[in-house]
Amino acid sequence: MSSTMTQSDITDTQAYCEQLADKANAASRSLSGVQSKQRIAALNAIADRIEASAELLKTENAKDLAAGEESGLSSAMLDRLKIDDTRIASIAQSVREIASQSDPLGEIIEGRVLPNGLKLSKVRVPLGVVLIIFESRPNVTSDAAALCIKSGNAAILRGGKEAIHSNAALAECVRGGLEDAGLNPDVVQLVQTTDRAAVGSLLKMDDRIDLAIPRGGKSLIKA
């Protein structure tokens, strides 16, 4: 599996974010021509990786839970954060369900024929690079990645700092599954710094990032 940077490797947040965006942008072009069958294979390979990595996922999740208890996270927040065997099975199943959905690409949304006989059609195509910013639930890492892969988009994922180890482990499962299916693992990038400046830097890169989606509370969405 391709290696990724860890938080300790990141000394320049701006340069790191530019690197992520460049990689995602290049990978999005490689994904745009990939057939549905190969994208489905990648998603099923990701689900397999998640199930096979259960012990690693629980070990990395334990680090986040310990840090959360130390920092005073509520019992409800800790429960959202927790990954156990049941949740791992659910996370993998969610990816498989996305794989089984109909292919959105190439779907004709509407069409008409002009008086001169010219046919016009509105067809679904990939957006390119999608930045998704979310909070504490680690399963969003795999769900968001899977939805982007299914729709032919590259993803840059920025989760909450309280789930940094869990998210990194899930992201490696995603990248490994992409490689297993012969696709570029850079299709999915995880922001592995907790520096708040990273979000601001990424949001300014509209030449390389096509859409930003915040998923979380009112304060996140407002920001």
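Odds and ends about this structure:
- The chain: Lys pairs at Cα distance under 18 angstrom, eight or more positions apart or on different chains: 9
- Solvent-accessible area assigned to carbon and sulfur over the chain amounts to 50 percent, based on a 1.4 Å probe.
- Diffusion coefficient, µm² s⁻¹, Stokes-Einstein with Kirkwood Rh over alpha-carbon pairs of the chain at 10 °C and 1.306 mPa s: 88 µm²/s
- Highest-MSF residue in the chain out of I91, I109, I164 [GNM, Cα springs under 10 Å]: I109
- In order along the stretch 55-72, phi translates into HN-Hα couplings of 5, 5, 4, 5, 5, 5, 5, 4, 5, 5, 5, 5, 5, x, 5, 5, 8, x Hz, rounded to whole numbers, per the Karplus curve 6.51 cos²θ - 1.76 cosθ + 1.60 with θ = phi - 60° and x for Gly and Pro.
- Three-way shape label, the stretch 114-182, alpha-carbon gyration tensor, a/c 1.5: prolate
- The stretch 1-91: C-alpha gyration tensor shape, a/c 1.5 cut-off, then a/b vs b/c: oblate
- Taking every protein chain into account, the accessible area of the chain amounts to 51 square angstrom per residue (probe 1.4 Å).
- The listed residues R208, R137, R196 rank as R196, R137, R208 when sorted by accessible area, largest first, using a 1.4 Å probe.
- Top of G111, G176, G152 by mean-square fluctuation, Gaussian network on the chain, Cα under 10 Å: G111
- Build a GNM of the chain with springs between Cα atoms under 10 Å apart, and of S100, S71, S28 the one that fluctuates most is S71.
- The dipole here belongs to the chain: it is taken about the Cα centre, uses +1 on the Cβ of Lys and Arg and -1 on the Cβ of Asp and Glu, and is about 900 debye.
- Sequence-separation-based contact order of the chain, relative, with Cα cut under 8 Å and 6+ spacing, percent: 32 percent
- Rounded to the nearest Hz, the phi-derived 3J(HN,Hα) couplings of the stretch 102-114 under the Karplus curve 6.51 cos²θ - 1.76 cosθ + 1.60 (θ = phi - 60°) are 5, 6, x, 6, x, 5, 8, 7, 7, x, 7, 10, 6, where x marks glycine and proline.
- Two-decimal Rg/Rh across the stretch 66-185, once Rg and the Kirkwood Rh are taken from alpha-carbon atoms: 1.14
- Spacing of the two label points (7 Å from each Cα toward its C-beta) at S121 and A197, in nm: 4.9 nm
- Bridge type composition, the chain - antiparallel percent by DSSP, nearest 5: 30 percent
The values are calculated or read from the model by the stated rules, or taken from the named source; none is laboratory data. The structure displayed is predicted, hence computed values, not measured ones. Here the Cβ is made from the backbone with ideal geometry for all residues, glycine too, and neighbour counts use every protein chain on show. Ligands, DNA and RNA are excluded from the accessible area calculation, which covers all protein heavy atoms including side chains. Shrake-Rupley method; radii C 1.70, N 1.55, O 1.52, S 1.80 Å.
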